[in-house]
Amino acid sequence: MIKHYTFSARWRKKDTEYIETFKTSRKIAQGFCSFYVEEKDYQSIMKYYSKKDSLLNKTKPPEFSVRLVFVSFSKEELDDAKYYMLAATGAPKGYPQPEQGEHLKKTFSFDCGNYRTNRKQIAPFRIKKPKWSKNQVNFSLNWEWDFMFFKKEFYQEVFAPLGIKSKEVLQHSTGKPLEDTVQLDIPVAESSIYLEDSAFDIYEPRCGKKQYARQYLDFFPPFKKEFNFHICYTQEEFDGGFKRIIISKEFCNLLTKHKIIKYISTHLIPMKSK
């Protein structure tokens with residue numbers, strides 16, 4: 001696992017000359033700017049800016065700050081994982097209808113006003129009839145990126161034999177089920193996960209329920225008990241009520257084989273083994 005840190009400051013000329021000796025996410029100029037580096041360079045930069053100030057010079061530039069922003073994983077770490085948190089669900093293709101959040105009233109029930117807390121889908125999504133591009137079999141929706149939609153023929157051939165269920169999707173203009181599109185019916189996990197004292201254990205209460213932070217700073221915490229599944233939602237909610245999608249290695253292999261996701265850690269966060 002490689003940690004990536006962001007540095008921000010109002011950089012001086014001598015700072016830019018020093019920073020240029022490292023591999024950074026962007027070239028910096030004088031003035032306020034941010035960039036991120038991998039852990040090995042972070043250690044060197046921190047050591048440099050930890051020196052004591054001299055009588056005539058301050059070591060750190062004004063507004064200097066640093067924080068851990070994300071982690072990445074090697075192919076070996078991805079290979080060793082049994083389960084993954086799915087960080088990419090397909091390129092967004094349109095919005096649920098009607099737009100501007102009005103779809104929420106028609107599609108979900110809520111325990112706490114319109115907050116995404118313990119919400120449940122009670123009706124099919126209504127969308128514009130999708131225009132499938134060549135070789136495309138999957139998409140997600142803007143605003144509702146934790147739902148997955150597939151070409152019906154592809155679903156029946158690849159996922160249905162695994163016992164994975166689907167839901168119909170309605171064409172908004174007619175109210176009739178789309179003949180070529182289905183929503184993957186993703187069940188909620190049978191177990192909670194070990195979030196306590198993990199890098200994900202940052203939350204704010206909303207309507208009496210914890211909603212955990214979105215940032216990915218470590219392997220994803222494991223389930224507290226084993227159960228068999230190909231794909232499921234976490235019981236826990238994150239950043240505004242979205243649940244996380246967890247997939248098995250077999251399901252991951254299907255997604256990468258059909259080029260729905262890439263086998264990289266911006267699309268997959270390996271789940272920590274117990």
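Values in this text are rule-based calculations from the coordinates and carry no lab data. Keep in mind the model is a prediction, meaning the values are calculated, not measured. Positions of Cβ are backbone-derived with ideal geometry, glycine not excepted, and every protein chain shown enters the neighbour counts.
So here's what we get for this one:
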{"item": "Length gained when the stretch Tyr95-Gln121 is fully extended (0.36 nm per residue, less Cα-Cα span)", "result": "7.7 nm"}
{"item": "Gaussian network model of the chain, Cα within-10 Å springs - most flexible of Gln97, Gln215, Gln43", "result": "Gln43"}
{"item": "Residues of segment 233-274 with amide N under 12 Å of a point placed 7 Å along Cα→Cβ from Glu157", "result": "258"}
{"item": "Amide H partners (placed H, <5 Å) of Arg206, local residues excluded", "result": "Gln211"}
{"item": "Inter-site label distance for Trp132 and Ser34 at 7 Å from Cα along Cβ, in nm", "result": "4.0"}
{"item": "Positive dipole terminus of segment 229-274, leading residue within Cys232, Leu255, Met271 (C-beta point charges)", "result": "Leu255"}
{"item": "Backbone HN-Hα couplings from phi across segment 25-37 [Karplus 6.51/-1.76/1.60, Hz, Gly and Pro as x]", "result": "6, 7, 7, 9, 10, 5, x, 6, 6, 10, 7, 10, 9"}
{"item": "Computed lengthening from Asp79 to Lys14, 0.36 nm per intervening residue step minus Cα-Cα distance", "result": "19.1 nm"}
{"item": "C-alpha center-to-center spacing [segment 1-56, segment 76-142] in angstrom", "result": "39"}
{"item": "Estimated vicinal HN-Hα couplings, Hz - segment 192-204 in sequence order (Karplus 6.51, -1.76, 1.60; Gly, Pro = x)", "result": "7, 10, 7, 8, 4, 6, 8, 5, 9, 7, 10, 8, 10"}
{"item": "Difference of contour (0.36 nm per residue) and Cα-Cα distance, Tyr263 to Thr6", "result": "90.0 nm"}
{"item": "Ser191/Ser44 FRET efficiency (R0 41 Å; Cβ-Cβ; nearest 0.05)", "result": "0.45"}
{"item": "Selected from Thr21, Val69, Tyr48, residue furthest toward positive end of dipole (segment 2-72; charges at beta carbon)", "result": "Tyr48"}
{"item": "Pairwise FRET efficiency - Phe22 versus Asn57, Cβ, R0 = 22 Å, nearest 0.05", "result": "0.55"}
{"item": "Distance between modelled label sites at Asp218 and Arg67, nm, 7 Å Cα→Cβ extension", "result": "1.8"}
{"item": "Amide H contacts under 5 Å for Tyr83, placed H, 5+ residues apart", "result": "Met271"}
{"item": "Cut-off under 5 Å, modelled amide H: who pairs with His172 long-range", "result": "Ile127, Lys128, Lys129"}
{"item": "Between helix 39-49 and the chain: long-axis angle, C-alpha atoms, 0 to 90°, nearest 10", "result": "30"}
{"item": "GNM top mover of Arg244, Arg67, Arg116 - the chain, alpha-carbon springs below 10 Å", "result": "Arg67"}
{"item": "Sequence of Lys129, Lys259 once ranked by neighbouring C-beta atoms within 10 Å, starting from the fewest", "result": "Lys259, Lys129"}
{"item": "Pairs beyond 27 Å (Cα-Cα), from Lys75/Lys129; Lys14/Lys40; Lys120/Lys274", "result": "Lys75/Lys129; Lys120/Lys274"}
{"item": "Total charge dipole magnitude, the chain, about the Cα centre, Cβ charges on Lys, Arg, Asp, Glu only, Debye to nearest 20", "result": "720"}
{"item": "Sorted by Cβ neighbour density within 10 Å, fewest at the top, the residues Lys274, Lys52", "result": "Lys52, Lys274"}
